[in-house]
Amino acid sequence: MNIRVLLIFLLIPGLRAELPPSAYESMQAKAPEYLKIEVLRVDVEPGESPTRQNIHVVALTTDVFRTASGLKPNEIVNIIYTVTSHPQGWAGPGEVPIPNEKERSVAYLVKTEGGDFAPAAGRMSFTNF
């Protein structure tokens, strides 16, 4: 192996590449919660660093296709996660999108220890229908 290529991989440990569509499809298939939601409120707050934002989505479940936590239609769920902004040209897995209020979406989620929910399929955790 070329020593320059080896040095690049050793010196840039954060280098990541976008995942193939099949990886996201696998995460969607394994997600404990698969449902349709209507976004009621979105709160975006600064995170631990200037490049991070804490996201809190309040949503109404409209249809439940698969649930490990016992969710039912017409329940309110809190979805909490963090997104990071990256410099132009950065290569890596796509960030989970921030939905808009009143948006309807299919959601792939996992219940957290605190009782809230988090995205379970990376950038494909929310898909419009």
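The values are calculated or read from the model by the stated rules, or taken from the named source; none is laboratory data. Owing to the predicted nature of the structure, the values given are computational and were not obtained by experimental measurement. Cβ: placed from backbone, ideal geometry, glycine included. Neighbour counts: every protein chain shown. Just the protein is used for accessible areas: all its heavy atoms, side chains included, with ligands, DNA and RNA removed. Shrake-Rupley method; radii C 1.70, N 1.55, O 1.52, S 1.80 Å.
General observations
- LEU71 vs. criteria in a loop (DSSP other than H, G, I, E, B), open to solvent by less than 70 Å² (accessible area, probe 1.4 Å), modelled with pLDDT under 95 and aliphatic (A, V, I, L, M): no
- Residue in the range 59-68 that is at pLDDT below 95 and among the basic types (Lys, Arg) present: no
- Taken together, the criteria place LYS72 among residues that are basic (Lys, Arg) and free of Cβ contacts under 8 Å to residues at least 40 places away in the same chain.
- Scope the range 74-87; condition aliphatic (A, V, I, L, M) and open to solvent by less than 60 Å² (accessible area, probe 1.4 Å); matching residues: VAL77, ILE79, VAL83
- Residue within the range 19-27 that is assigned to a helix (DSSP H, G or I), modelled with pLDDT of 85 or more and of a type in the set (Phe, Trp, Tyr) present: yes
- Taken over the range 77-129, the criterion of being closer than 16 Å to ALA29 by Cβ, modelled with pLDDT of 95 or more and β-branched (Val, Ile, Thr) is satisfied by VAL106, VAL110.
- Taken over the range 20-64, residues that are free of Cβ contacts under 8 Å to residues at least 60 places away in the same chain, among the hydroxyl-bearing types (Ser, Thr, Tyr) and open to solvent by 30 Å² or more (accessible area, probe 1.4 Å) amount to 5.
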